[in-house]
Amino acid sequence: MQIFRKLGWFFKEERKSYIIGVTSLVIVSMLQIVSPRIIGIVIDEIADKTLTAKRLIMWVSIVVGVAILQYILRYVWRTNIWGSAAKLEKSLRKQLFHHFTVMDNVFFQKYRTGDLMAHATNDLSAIQNVAGAGILTFADSLVNGGVTIIAMILFVDWRLTLIALLPLPLLAFTSRKLGSELHGAFRKSQEAFSTINDKTQESITGIKVIKTFGQEREDMEDFQEKVNDAIVKVNRVNVLDALFDPIITLIIGLSYILTIIVGGTFIMKNVITIGQLITFIDYISMLIWPMFAIGRLFNVLERGSASYDRVQELLHEKSHIVEREGAIQEVAKGQLNFDMSSFRYHDDEVETLKNVQFKIEEGSTLGIVGKTGSGKTTIMKLLLREYDEYEGMITFGGHDIRDYSLDALLNSIGYVPQDHFLFSMTIRDNIRFANPEGSQGEVERAAELTAIHDDIVDMPKGYDTMVGERGVSLSGGQKQRLSIARALMINPELLILDDALSAVDAKTEERILSNLKTIRGDKTTIIAAHRISSVMHAQEIIVVEDGQIVERGNHDELIALNGWYAKMYDQQQLEAKIEGGSD
């Protein structure tokens, strides 16, 4: 019953609907005892030969009237109880999705995508069942069972009622025992489902890689192992769940046996009539549902409690990125100053960045180059406030970026990451994703600046072309150019290109960089790249190695140093000549 306390906040919000629903349920339960009582009276009147046509019509009319009233009241409790349960699922789904949108990278590194999806589907459905089927079953079993027992006492005999209910303590004991086992078993089965969900999502996303390396059979075997493990855990839940019904059937059977033996004796002693015994047996049959409902109730409550605990564990996770009180709401702009003494990732003992300092005047371009894993992308993540825990300071327009609200900071930045993500929508909607009200002219202008417009108009549906999930229908270069166009749609104060030109040819790269230089004369740009040609026009270039700046200057100054930058430039120039010659 702990789950009812956990959901107390919701029941308070929807108390009016639940009061109406439960009240209707109580009245229905009270009306249910009328028909068996009337049947007993009619049988006794038949036995006494006192039943007349007029009285028979009266009794039938009462039964019909009670049935119609029950029908109306059942509609009332269903709409109120089930309607409220749907509101709970809606509320929790909204809370959970909002929580996902505000959490930081540490959270998403801790929880797998499939696990989060399972929380947002199966777990929420189990919780909704508590507010719907749980409340219904609890109220119905308690009220229906209570009213039926009272009717057995008032209309038949209290001694016979007491004897018929002797097996009930056995039900209470077994329900408590099985309920505890069911809670743990269901939690494990939900975790197994999360694992399957995650595996499915990962395999579908990486299907091209799986096929390329011929790992279909191995991947299928791995999936089957996870399914088999889930089946074992689900079967454990089903076994525990299935034990309720036989126990309840045994208890009802014992009640029937005691009723027939003792009731028959009472008839012979003229303590009760035959009609009363038939009414009593009918009441016992009415107790079958409350008893089965108790078993079902423990199932619903334990499943819901386990799922609620899982969801609450997620909702209690705190983001490390927190807006300060009185955060600056104006869009960030001006000089950017990056002064990082030390930064390491969560639970990582090795410093990722150490003593990295650079300054970018408004309207300037900074190039960042270095080996893979040198720390280039980490610098971008810190600028985007994906991490706030570090030794140092990053200022934008003279203010620490942690003093800005997240909206004010991020709305001033256009970011194009290495792993380009496009949504399953049209090319037009992908480009204007950050500015949904953008006109067709603005969309085409951004596409022309990134040299993707001609590719788009050559497509059968032009800007109405659906790109498919994650841009599956486009080439790597097309996805990169669309991502840059999307960033340009908001005309950001700071444009960050994180190796965003690696998949385009040299001529297209030159055209895009020339366009950016023309339109962004008064805006700040940071370009991180492996190709020297992407950054050689920048006012300053820094070379990052093992999280530290090892070289800095403009293109000519770095060439003169004859260090890593110069060697990489010569190597890439040679590769370009070889490729040109082979053409």
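Bear in mind these aren't lab numbers, they're just calculated from the coordinates by the rules spelled out. Not measured: the values here are computed from a predicted model. Here the Cβ positions follow ideal geometry from the backbone for every residue, glycine too, while neighbour counts run over all protein chains shown.
Enumerate the lysines that K49 could reach by cross-link, defined here as Cα to Cα under 24 Å, with residues fewer than 8 away along the same chain left out.
Result set, ordered by chain and number: K269.
Find, to one decimal place in angstroms, the Kirkwood hydrodynamic radius of the range 1-148, where the mean of 1/r is taken over every pair of different Cα atoms and then inverted. Intermediate values should be presented prior to the final figure.
Working: mean 1/r = 0.0537 Å⁻¹.
The Cα-based Kirkwood calculation yields 18.6 Å.
Tell me what the chain gives for mean residue ellipticity at 222 nm when only DSSP H runs of n ≥ 4 count, each as -39,500 (n - 2.57), the sum divided by the residue total, rounded to 500 deg cm²/dmol.
On the way: 23 runs with 365 residues, N = 583.
That comes out to -20500 deg cm²/dmol.
Check every DSSP H run in the chain and write down those whose alpha carbon atoms cover 24 angstrom or more along the long axis and whose mean Kyte-Doolittle hydropathy is 0.5 or greater.
Details: long enough: 15-32 (25 Å, 1.05); 53-102 (73 Å, 0.43); 135-155 (29 Å, 1.85); 168-205 (54 Å, -0.42); 216-268 (77 Å, 0.59); 274-315 (61 Å, 0.63); 564-582 (27 Å, -1.06).
Counting only whole DSSP H runs, the qualifying helices are 15-32, 135-155, 216-268, 274-315.
Near V66, within a Cβ-to-Cβ distance under 13 Å, what is the net charge of the other residues, with Lys and Arg +1 and Asp and Glu -1?
Working: positive: R37, R74; negative: none.
After counting each charged neighbour, the total is +2.
State, as an integer percentage, the relative contact order of the chain based on alpha-carbon contacts under 8 Å between residues 6 or more apart. Before the final figure, lay out the partial values.
Numbers: 810 pairs, mean separation 82.9, N = 583.
So the answer I get is 14 percent.
How big is the range 392-442 in terms of Cα radius of gyration and Dmax, in angstroms?
That works out to 14.8, 43 Å for Rg and Dmax.
Given charges of +1 on the Cβ of Lys and Arg and -1 on the Cβ of Asp and Glu, with all other atoms neutral, how large is the dipole of the chain about its Cα centre, in debye to the nearest 20?
On the way: 61 positive and 74 negative charges, 713 e Å.
Approximately 3420 debye in magnitude.
Sorted from fewest to most neighbouring beta carbons within 10 Å, what does the list T50, T508, T249 look like? It would help to have the intermediate numbers written out before the result.
Numbers: T50 9, T508 17, T249 13.
Placing the least packed residue first, the sequence is T50, T249, T508.
Which ordering of V356, V130 is given by a fewest-first count of other beta-carbon atoms within 10 Å?
Working: V356 23, V130 27.
By the 10 Å Cβ count, ascending, the order reads V356, V130.
Which of rounded, prolate, oblate describes the range 418-491, given a ≥ b ≥ c as roots of the alpha-carbon gyration tensor eigenvalues and a/c under 1.5 marking rounded, otherwise prolate only if a/b is larger than b/c? The partial results should precede the final answer.
Details: a/c = 1.32, a/b = 1.18, b/c = 1.13.
Rounded, since a/c falls under 1.5.
Under 16 Å Cα to Cα from K87, which aspartates and glutamates show up? Leave out anything in the same chain fewer than 8 places away.
Here the aspartates and glutamates satisfying the reach criterion relative to K87 are E13, E14, D123.
Test of understanding: given the chain, find the longest segment containing no trypsin sites (Lys or Arg not before Pro) that are in a DSSP loop and have at most 12 other Cβ atoms within 10 Å. Walk me through the intermediate numbers first.
Working: sites that count: K49, K269, K318, R324, K461.
Of all site-free stretches, the longest is 50-268.
Could you please rank V416, V143, placing first whichever residue has the fewest other Cβ atoms within 10 Å of its Cβ? All intermediate terms of the calculation are to be shown ahead of the outcome.
Working: V416 24, V143 19.
Least to most surrounded, the residues fall as V143, V416.
Given points 7 Å out from each Cα along the Cα-Cβ axis, report the V64 to E442 separation in nanometres with one decimal.
Taking the two extended label points, one gets 6.9 nm.
Please work out how much length the chain gains when fully extended from S91 to K577, using 0.36 nm per residue of separation minus the C-alpha to C-alpha distance, in nm with one decimal. Before the final figure, lay out the partial values.
Details: separation 486, 0.36 × 486 = 174.96 nm, distance 6.12 nm.
Stretched out fully, the S91 to K577 stretch lengthens by 168.8 nm.
About the Cα centre of the range 418-491, what is the dipole size in debye to 20, counting +1 per Lys and Arg Cβ and -1 per Asp and Glu Cβ, all else neutral? Intermediate results must be reported in sequence, preceding the final value.
Numbers: 8 positive and 11 negative charges, 33 e Å.
About 160 debye.
Is the range 87-315 best put as rounded, prolate or oblate by its Cα gyration tensor, with a ≥ b ≥ c the root eigenvalues, rounded for a/c under 1.5, and otherwise prolate when a/b is larger than b/c, oblate when not? Each step should come with its number before you reach the end.
On the way: a/c = 4.39, a/b = 2.57, b/c = 1.71.
Because a/c hits 1.5 or more and a/b exceeds b/c, the range 87-315 counts as prolate.
Which length gain, in nm to one decimal place, applies between E191 and Q357 when the Cα-Cα distance is subtracted from 0.36 nm times their residue separation?
That works out to 55.2 nm of additional length.
If you wrap a convex hull around the alpha carbons of the range 363-485, what volume per residue comes out, as a whole number of Å³? Walk me through the numbers before you get to the answer.
On the way: hull volume 18.0 nm³, N = 123.
Value for the range 363-485: 146 Å³ per residue.
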